[in-house]
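Reviewing the structure listed below.
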Amino acid sequence: MLVAMRPLIFAAAVGLAVIGIHALGIAAEFNPYSGRVQYGLRSAPLILAALAAGAMWWARKRGWSWDADLIPALFGGLGALTILTALHGTPFDMYGLIGDQLFRTEYVTRFADSWWGGDYTYRDLPAYYAPAFFWVLGRAADLSGTAPWHMLKFGTITVAFLAPIVSYLLWRRIVAPRVAALISSAALILPSLSESYAWIVLVAFIPWWLMAGHGLQRAGVRRWHPVLLGLIGAVLFTVYYYYFFVLPIVLCLYFVDARLRGQFSWREASRTFIALGVAALGSSVYWAPLAWNFLTSGHFESLNNRWITPNSGKLALPMLEPSVIGALCLIGLVFLLATVKEALSRAMLIVLVSLYVWHAVGFVFLAIDKPLMSFRMRELVPILLLAAAAMAVARVARFAADNFSADVVWRFAVVGTALLAVFAGNRFVELVLADAKNAHNQALPNGKLPPFHEAGAEPWKGAPPERLNEVIEAGYKGPGRPVVLTSHPDLLAMYPYYGFVQWSANYSHPTSQFRARLDFLEELARSSGPAEFAARAGDNPYDDIDVIALHSNKDTLTLKIRDDAFPFGTTVRQIEFPRRLVQPEYFDITMVDSTVVAVLRQG
């Protein structure tokens, strides 16, 4: 029992050490941009390497194996400490409120306001994006009394700590623990800093599928029941579902391969279907209300999948890149091809081929104007090949130990692990330091900047969300949360208001009638007078508008929305409302900088 719990014991110890180190830094009032602090962060991978190498050397000398359980915890500790340090002084995540971080922050805010939550923008619509990660953060914010828009930062730090550990705990059921420890370094080598919820699924998906879909486990390890694997799959799906779309292709190739080799087993297939069935059932708390909404709304249009850039079709070919990662991926690919007759290598190759097939299928649907965002699967390719590279190194080391000097091979193994720790740690530190400035340069809701912002950073342009919120809270007297018509997405991200229309088509719920709402607003802008304008705003087929918060430019109020322009991304759609339509007879009107906040009078 103690051996089984050892990875978690090490993780807890490393976690406490990280908290202690950070507390000492806070007591010293450190500046994350100081040369001393950044020098220390860049030196941290050397300390990680020394600890990992020392653990390996000491464990072998004593005939122990606990070093494999410690190394992933050390990787996680470095990841968490790096982000904690780099983001000290700012409440924001790595990317502040840039782009997608707006709707992610909005999602956390929605779940902090309600146990059920629903869509982050629209009232009475079910959650569209996978909600589990944001639900946990939102509930944690509510229970702890923390501002919801602080929580993405804490979520990223937590995932940075957990990703190597989760990777290790899954992979060690398939390969030897020390090999699994090497594989766990991929969490730092290829982190998903902008989508931390995807990051943990990225490192967990492949080992989970190898167990759930192919029934693989190393000798001496008891197989997990398919129900348990299904429950794990349900959690992964409700955190980030894109990777699951490749599974139909994987299953087809796997069953065809098994048939051709005469090794197909209905018993094994039934285990796979049970695991997938439990995963579907367990995640139905998310997808069932959404599916019912799709089937019954009569107004379905998925604009999210229509997000595309010129680089979206780029193939994932890391094995051809002239870099350390490229070399490792090439080693992994060669190993899989050389050992294709082994069940694990064959299963991984099937997954790899399926990823490229899915990419090609994505183009077919793209050509008929039904994009699938298949390019999101590219991230799995280097993750899979890096895992294969670790297996290749282990195989070569075992061969050398059997045929040459085991002591010499062990020395190389220790040095190699130390070099891997330095490479993974240094790459992660540099990635974090390069992007952390976004969080420090992001203005706070009150319009001010965090204390460690760069010299060229600018405070909030226009009306700060905090001041808009104060006016809305003082003026709105209706039930529940108001529906706000606004071009200030930061207002909806930081405060639990509903939006009348999403600021970007690509973030809009498929049954929200995004374009119909915009068409209605253009009609509303042509109202004959203030009475008609107020009446139609407060009683319309979509959501009754309670508050208007729009930029004022002399005689007009301006709503700017990014509309779908597939396959060229989005385009700005601007609707101008004559200022004369918003009158004190129907609205309580307040100017906040250049923004008019008009709260519709009740009754």
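Couple of notes before you dig in:
- Residue 555 being open to solvent by 60 Å² or more (accessible area, probe 1.4 Å) and on the phi > 0 side of the Ramachandran plot: no
- Every pair of residues 6+ apart whose Cβ atoms lie under 8 Å, when the first sits in region 78-96 and is closer than 13 Å to residue 193 by Cβ and outside the structural domain of residue 192 (by the TED database) while the second is buried (at least 23 other Cβ atoms within 10 Å of the Cβ) and of a type outside the set (Phe, Trp, Tyr): none
- Among the residues of region 28-41, just one is at pLDDT 90 or above and farther than 17 Å from residue 432 by Cα, namely 30.
- Filter pass, residue 361 being surrounded by fewer than 20 Cβ atoms within 10 Å (Cβ to Cβ), in contact with a helix residue (DSSP H, G or I) (Cβ under 8 Å, 6 or more places away or on another chain) and part of a helix (DSSP H, G or I): yes
- Boolean, residue 355 is at pLDDT 95 or above and under 30 Å from residue 219 (Cα atoms): yes
- Taking each residue of region 473-499 that is over 19 Å from residue 111 (Cα atoms) and looking for partners that are of a type in the set (Val, Ile, Thr) and part of a loop (DSSP other than H, G, I, E, B) with beta-carbon atoms closer than 6 Å, six or more apart or interchain, yields 485/545.
- Test: residue 302 is among the small types (Gly, Ala, Ser) and without any contact (Cβ under 8 Å) to a residue 12 or more places away in the chain: no
- Within region 91-202, helices (runs of 4 or more DSSP H) holding 3 or more residues that are out of contact with any His (no Cβ under 6 Å at 6 or more places or on another chain) and open to solvent by 10 Å² or more (accessible area, probe 1.4 Å): 100-113, 132-144, 151-171, 177-183
- Single unsatisfied condition, residue 267 versus (1) within 18 Å of residue 132 (Cβ to Cβ); (2) at pLDDT below 95: (1)
- Among the candidates 12, 44, 17, 52, the residue that is over 22 Å from residue 154 (Cα atoms), assigned to a helix (DSSP H, G or I) and either under 29 Å from the mean Cα position of the chain (by Cα) or not β-branched (Val, Ile, Thr) (or both) is uniquely 52.
- In region 425-456, the residues that are aliphatic (A, V, I, L, M) and surrounded by 14 or more Cβ atoms within 10 Å (Cβ to Cβ): 429, 431, 432, 433, 436, 439, 443, 444, 449
- Among the criteria (1) under 21 Å from the mean Cα position of the chain (by Cα); (2) modelled with pLDDT under 95, the one residue 80 does not fulfil is (2).
- Set side by side, the residues 274, 174 differ, and just one is closer than 30 Å to residue 48 by Cα, touching a helix residue (DSSP H, G or I) at 6+ places or on another chain (Cβ under 7 Å) and in the same structural domain as residue 119 (by the TED database), which is 174.
- Qualifying residue in region 571-578 (condition: crowded, with 16+ Cβ neighbours inside 10 Å and farther than 30 Å from residue 367 by Cα): yes
- One residue from 53, 44, 68 being surrounded by fewer than 22 Cβ atoms within 10 Å (Cβ to Cβ), more than 18 Å from residue 429 (Cα to Cα) and in the same structural domain as residue 153 (by the TED database): 53
- Hits in region 440-492 - residues which are over 25 Å from residue 26 (Cα atoms), in contact with a Gly (Cβ under 9 Å, 6 or more places away or on another chain) and of a type in the set (Phe, Trp, Tyr): 460
- Hits in region 489-508 (condition: over 21 Å from the mean Cα position of the chain (by Cα) and farther than 23 Å from residue 147 by Cα): 500, 501
- Being over 30 Å from residue 229 (Cβ atoms) and either among the basic types (Lys, Arg) or surrounded by 12 or more Cβ atoms within 10 Å (Cβ to Cβ) (or both) is a description that does not apply to residue 277.
- Residues (within 18 Å of residue 320 (Cβ to Cβ) and free of Cβ contacts under 8 Å to residues at least 60 places away in the same chain) located in region 361-406: 388
- Count - residues of region 316-330 that are surrounded by fewer than 16 Cβ atoms within 10 Å (Cβ to Cβ) and within 21 Å of the chain's Cα centre (by Cα): 0
- Residue that is more than 30 Å from residue 492 (Cβ to Cβ) and assigned by the TED database to the domain that holds residue 436, where the choices are 232, 200, 157: 232
- Number of the condition not met by residue 272 [criteria: (1) over 25 Å from residue 111 (Cβ atoms); (2) of a type outside the set (A, V, I, L, M, F, W, C); (3) in a helix (DSSP H, G or I); (4) open to solvent by 20 Å² or more (accessible area, probe 1.4 Å)]: (4)
- Residues of region 217-243 satisfying the condition of being touching a Gly at 6+ places or on another chain (Cβ under 6 Å) and open to solvent by less than 20 Å² (accessible area, probe 1.4 Å): 234
- Region 376-415, residues that are under 34 Å from the mean Cα position of the chain (by Cα), in the same structural domain as residue 163 (by the TED database) and surrounded by fewer than 16 Cβ atoms within 10 Å (Cβ to Cβ): 415
The values are calculated or read from the model by the stated rules, or taken from the named source; none is laboratory data. Treat the numbers as computed from the prediction; the structure is a model and nothing was measured. So basically every Cβ, Gly included, is an ideal-geometry build from the backbone, and we count neighbours across all protein chains shown. Keep in mind that these areas ignore ligands, DNA and RNA; they rest on the heavy atoms of the full protein, side chains included. Shrake-Rupley method; radii C 1.70, N 1.55, O 1.52, S 1.80 Å.
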